[in-house]
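Report on one structure; see the data block that follows.
All of the numbers you see were taken from the coordinates with simple rules; none came from a lab. Keep in mind that what you see is a predicted model, and the values were worked out from it rather than measured. So basically every Cβ, Gly included, is an ideal-geometry build from the backbone, and we count neighbours across all protein chains shown.
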Amino acid sequence: MAILVRSIAFNVLFYLNTFVHLIAGLPTFFMPYRAIVGVAKSWGRVNLVLLRVVAGVDYEIRGREKIPKGPLIIASKHQSAWETFALLPLLENPLFILKRELQWIPVFGWLTIKGRMVPVDRGGGSQALVAMIERARIELADNRQLIIFPEGTRRPAGAEPRYKIGVAHLYAAEGVPCVPIALNSGLFWPRRSLRRFPGTVVVEILDPIPPGLSKEEFFERLQNDIEGATARLIAEGRAKMKE
């Protein structure tokens, strides 16, 4: 019961914090795009504090020093809503690849456009992929760090992976390093659940994959690196939850 009460309290504060930051973001329409990036990073930091104080969910970042300077592709495991805000403060000038439909949401969607997020039409086939790659190239040329979830949607902790080939096309086309990220957030913030379970989300930043590999080599290495580390982190997290 205590977990449910704390979870509900956090959820209320999470949406309140989101509303406050959306309002705070409105003046950035008249500023350089970096202003809304700063607001987004603040939103992420406040959410992390609320999650720790109210719901008892802390976090640990391993391998932070492995993130190179300059333009990057960040390919992260996606188990929870947690990483949609928690990865933002890690990076100097981050942006997401996101579903085109999210940009249709009043205020929120407009601010993602202002922040120059890269939309993708999931039903658009090869033309949508080409458009995404071209937009991503423009943003990477501005020394940004492009966050992509290679599976496209959240997967429960321990579920069979379903990587999509789009990340390999993006890597091959852009000529920048790709930093894989493993995590176990789904243990503490399960998808489609109100409950937030106390514990420590562990994020592991893995060795960057340099540009120049073939699509096939890259795709295999990315999956092996992320899934191997994620399985270890999930096992570690489950063991600690039983203590």
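Within 10 Å of each candidate Cβ there may be at most 12 other Cβ atoms; applying that plus a DSSP loop requirement, which trypsin sites (Lys or Arg not before Pro) in region 1-84 survive? Don't jump to the answer; show the numbers that get you there.
Details: sites: Arg6, Arg34, Lys41, Arg45, Arg52, Arg62, Arg64, Lys66, Lys69, Lys77; in loops: Lys69, Lys77.
Counting only loop positions with at most 12 other Cβ atoms within 10 Å, the trypsin sites (Lys or Arg not before Pro) in region 1-84 are Lys69.
Working from the alpha-carbon coordinates of region 2-242, get Rg over Rh, Rh being the Kirkwood radius. Write out the running numbers ahead of the final one.
On the way: Rg = 17.5 Å, Rh = 18.4 Å.
For region 2-242, the value is 0.95.
For region 129-224, run through the trypsin sites (Lys or Arg not before Pro) and keep only the ones in DSSP coil with at most 10 other Cβ atoms within 10 Å of their Cβ. Please list the in-between numbers first.
Details: sites: Arg135, Arg137, Arg144, Arg154, Arg162, Lys164, Arg191, Arg192, Arg195, Arg196, Lys215, Arg221; in loops: Arg144, Arg154, Arg162, Lys164, Arg191, Arg192, Arg195, Arg196.
When the trypsin sites (Lys or Arg not before Pro) of region 129-224 are filtered for loop state and at most 10 Cβ neighbours within 10 Å, Arg162, Arg192 remain.
Rounded to the nearest 500, what is the 222 nm mean residue ellipticity of the chain from helices alone, with -39500 (n - 2.57) per DSSP H run of 4+ residues and division by all residues?
Numbers: 7 runs with 111 residues, N = 243.
After summing the helix terms and dividing by the residues of the chain, the value is -15000 deg cm²/dmol.
Length gain on complete extension for the stretch Glu92 to Ala173, per 0.36 nm per residue less the alpha carbon to alpha carbon distance? Provide the component values of the computation, followed by the final result.
Working: separation 81, 0.36 × 81 = 29.16 nm, distance 2.25 nm.
That works out to 26.9 nm of additional length.
Under the 0.36 nm per residue contour assumption, what length would be gained going from the current alpha-carbon distance of Leu194 and Glu236 to full extension? Let's see the in-between values first.
Values: separation 42, 0.36 × 42 = 15.12 nm, distance 2.32 nm.
Extra length from Leu194 to Glu236 when fully extended: 12.8 nm.
Calculate the FRET efficiency for Val20 and Val130 from the Cβ-Cβ distance with a Förster distance of 45 Å, rounded to the nearest 0.05. Please list the in-between numbers first.
Numbers: r = 38 Å, r/R0 = 0.84.
Computed FRET efficiency for Val20 and Val130: 0.75.
Distance check, please: which entries in Lys69/Lys99; Lys41/Lys242; Lys41/Lys215; Lys99/Lys242 exceed 30 angstrom between their Cα atoms?
Numbers: Lys69/Lys99 27 Å; Lys41/Lys242 33 Å; Lys41/Lys215 32 Å; Lys99/Lys242 37 Å.
As for pairs spanning more than 30 Å Cα to Cα, those are Lys41/Lys242; Lys41/Lys215; Lys99/Lys242.
Compute the FRET efficiency between Arg122 and Asp142 as 1/(1 + (r/R0)^6), taking r as their Cβ-Cβ distance and R0 = 35 Å, and round to the nearest 0.05.
Numbers: r = 25 Å, r/R0 = 0.72.
My answer for the efficiency is 0.90.
Report, ordered by chain and residue number, the lysines lying within cross-link reach of Lys240, taken as a straight Cα distance under 21 Å and ignoring same-chain residues fewer than 8 apart.
Once the sequence-local lysines are set aside, what remains near Lys240 is Lys77.
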